[in-house]
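Peer 1: Sharing a structure below in structure tokens format, with a few things to ask.
The values are calculated or read from the model by the stated rules, or taken from the named source; none is laboratory data. Note that this is a predicted model, so its numbers are computed, not measured. Cβ placement follows ideal geometry from the backbone for every residue including glycine, while neighbour counts extend to all protein chains displayed. Note: accessible area is taken over every heavy atom of the protein model, side chains too, but ligands, DNA and RNA are not part of it. Shrake-Rupley method; radii C 1.70, N 1.55, O 1.52, S 1.80 Å.
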Amino acid sequence: MTQAPKHKPVGKRTGRNADVAKADLIQSARREFAEKGFALAGIEAIAEPTGLNKKMIYHYFGSKEGLYIAVLEEAYVGIREMEESLGLDELAPLDAIQKLVEATWDYYVANPAFLALVNQENLMRATYLKKSGVVKMRTSTLLNRVQSVLDRGVADGTIRSGIDPMQLNHSIAALGFYYLNNRFTNAELYSFDHMAADALATRRAFNVDFIMTYVMAHPDKPKPEK
């Protein structure tokens, strides 16, 4: 059975500058917060694998809350940077949508901690995400990029008109998030190994087919006049 990769423990390094030390603490904190949630995550448990004194958490982040917000920002910015690296603006509209669907799924599979953090922050009604303006700004950039792809597709007749970029983004995310977030309960309900390599490949193909069928223009309808 193929499982999503787990984060490796942070190695104890000496002579670190501030940026490296903060990155090590965020990596360790990501694992701790993803496994235990904000309330149960321990400062000492975060600091110990890095070889840093727990006082350094307060030095760099001000508080446990400040560290948690930094972890959330790193998680969300990570997926936004992945999306920005896809070069969607240079691809044909349908190719761009397909690449976004595939890359989103691949990112979720490779980053289970991201799903756990998003799930926990929703349980807390986005209490800490509200304190960050970084994530909201980066998400607006994504929506603008998706809107541009949709507009180009409508113009060349490959994508149907009237698609809301936010709703499309929700649907792309939901197809992957539900499957992976509920893999344990659904494994019991369906007696099916949702994380087997062939199961993951099948789900990836289903997500692509589902979204592409939705966005494609109907072939029997005339293309818009230029």
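Peer 1: Would you work out the charge dipole size for the stretch 57-176 about its Cα centre, treating the Cβ of every Lys and Arg as +1 and the Cβ of every Asp and Glu as -1, and quote it to the nearest 20 debye?
Peer 2: It comes to approximately 520 debye.
Peer 1: Accessible area per residue of the chain at 1.4 Å probe, in Å²?
Peer 2: Computed with neighbouring chains in place, this is 56 Å² per residue.
Peer 1: Once every DSSP H run of n ≥ 4 in the chain is given -39500 (n - 2.57) and the sum is divided by its residues, what mean residue ellipticity at 222 nm do you get, rounded to the nearest 500 deg cm²/dmol?
Peer 2: -22000 deg cm²/dmol
Peer 1: Regarding the stretch 87-132, what are the three Cα extents along the principal axes, ordered largest first, in Å?
Peer 2: 39, 22, 12
Peer 1: Just need the relative contact order of the stretch 52-200 here, percent rounded to a whole number, with Cα pairs under 8 Å and 6+ apart.
Peer 2: Relative contact order of the stretch 52-200: 25 percent.
Peer 1: Still on this structure, I have one more. Could you please state, rounded to a whole Å, how far the C-alpha centre of the stretch 127-165 is from the C-alpha centre of the stretch 93-109?
Peer 2: First find each Cα centre; the distance between them is then 14 Å.
Peer 1: A follow-up question, please. Report, in order of residue number, the helices in the chain meeting two criteria: a C-alpha extent of 24 Å or more along the helix axis, and a mean Kyte-Doolittle hydropathy of at least 0.0; treat each whole DSSP H run as one helix.
Peer 2: Those that pass (Cα extent of 24 Å or more, hydropathy at least 0.0) are 93-110, 134-156, 197-215.
Peer 1: Still on this structure: Accessible area of the chain with a 1.4 Å probe: how many percent of it is carbon plus sulfur?
Peer 2: 55 percent
Peer 1: Follow-up. Grab the beta carbon distance between PHE184 and ALA39, set R0 = 25 Å, and tell me the FRET efficiency rounded to 0.05.
Peer 2: The computed FRET efficiency comes out at 0.70.
Peer 1: So, one more: Starting with the highest mean, order 48-55, 121-128, 101-108 by the number of other Cβ atoms within 10 Å, averaged over the residues of each peptide.
Peer 2: 101-108, 48-55, 121-128
Peer 1: For the stretch 10-84, give the magnitude of the charge dipole about the Cα centre (Cβ charges: +1 Lys/Arg, -1 Asp/Glu; no others), in debye to the nearest 20.
Peer 2: Roughly 400 debye, rounded to the nearest 20.
Peer 1: Can you compute the equivalent ellipsoid semi-axes for the stretch 104-226, i.e. the square root of 5 times each eigenvalue of the Cα gyration tensor, sorted largest first and rounded to whole Å?
Peer 2: Rounded to whole Å, the semi-axes are 30, 23, 10.
Peer 1: Additional query: Which listed residue (GLN120, ILE43, PRO165) has the Cα farthest towards the positive end of the charge dipole for the stretch 37-171, taking +1 on Lys and Arg C-beta and -1 on Asp and Glu C-beta about the Cα centre?
Peer 2: ILE43
Peer 1: Among ILE79, MET212, ALA21, flag the residue with its Cα farthest along the positive direction of the charge dipole of the chain, charges on Cβ as +1 for Lys/Arg and -1 for Asp/Glu.
Peer 2: ALA21
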